[in-house]
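Student: One structure is given below, represented as structure tokens, and several questions about it will come after.
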Amino acid sequence: QVQLVESGGGSVQPGGSLRLSCAASGSVFSIYHMRWYRQGPVKQRELVAVLPSDGSPMYADSVKGRFTISRDNTKNTVYLQMNSLKPDDTAVYYCNADVAPYSDYRGYEFWGQGTQVTVSI
């Protein structure tokens, strides 16, 4: 079984920064795409950033230039550096990854439990 555990959420004032982390543990043979989603109050879940295993990162227009997704393959961890935070960034942030638990390289989608980010005065 694979677990994704997020950390790093919290409360911050507008203009502040936070860094989210998501570590994959358990039966992890290989990790493909890693993603961050968010779901704000009375909003649908939206894709924030994607980092393919062999490609360039992609971002939602609303966070381009402010958020940076990165990964440390030695730690099976993906990060989301969030700068210049705005109240509209307030949401529960979820980590999502395609993980191959076994050496057959077949990937399955896993989700973290979510971490709250609140941006307010």
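The values are calculated or read from the model by the stated rules, or taken from the named source; none is laboratory data. Bear in mind that the values here come from a model prediction, so they are computed numbers and not experimental data. Please note: Cβ atoms are built from the backbone with ideal geometry, for glycine as well, and neighbour counts cover all protein chains shown. When the accessible area is computed, the model is the full protein with side chains, heavy atoms only, and any ligands, DNA or RNA have been set aside. Shrake-Rupley method; radii C 1.70, N 1.55, O 1.52, S 1.80 Å.
Student: Go through (1) open to solvent by less than 40 Å² (accessible area, probe 1.4 Å); (2) of a type in the set (D, E); (3) under 23 Å from V119 (Cβ atoms) for D88 and report which single condition fails.
Tutor: The failed condition is (1).
Student: Count, please, the residues in region 43-53 that happen to be touching a Phe, Trp or Tyr at 6+ places or on another chain (Cβ under 9 Å) and open to solvent by 40 Å² or more (accessible area, probe 1.4 Å).
Tutor: 4
Student: Among residues belonging to region 29-38 that are over 12 Å from the mean Cα position of the chain (by Cα) and open to solvent by 40 Å² or more (accessible area, probe 1.4 Å), point out the one that is nearest to N96 (Cα to Cα).
Tutor: Looking at residues that are over 12 Å from the mean Cα position of the chain (by Cα) and open to solvent by 40 Å² or more (accessible area, probe 1.4 Å), I get Y32.
Student: Counting only residues that are polar (S, T, N, Q), more than 16 Å from S103 (Cα to Cα) and not in a strand (DSSP E or B), which one in region 1-24 is least open to solvent (accessible area, probe 1.4 Å)?
Tutor: The extreme case among them is S17.
Student: Can you confirm whether region 55-63 contains a residue that is within 18 Å of G114 (Cβ to Cβ) and free of Cβ contacts under 8 Å to residues at least 24 places away in the same chain?
Tutor: yes
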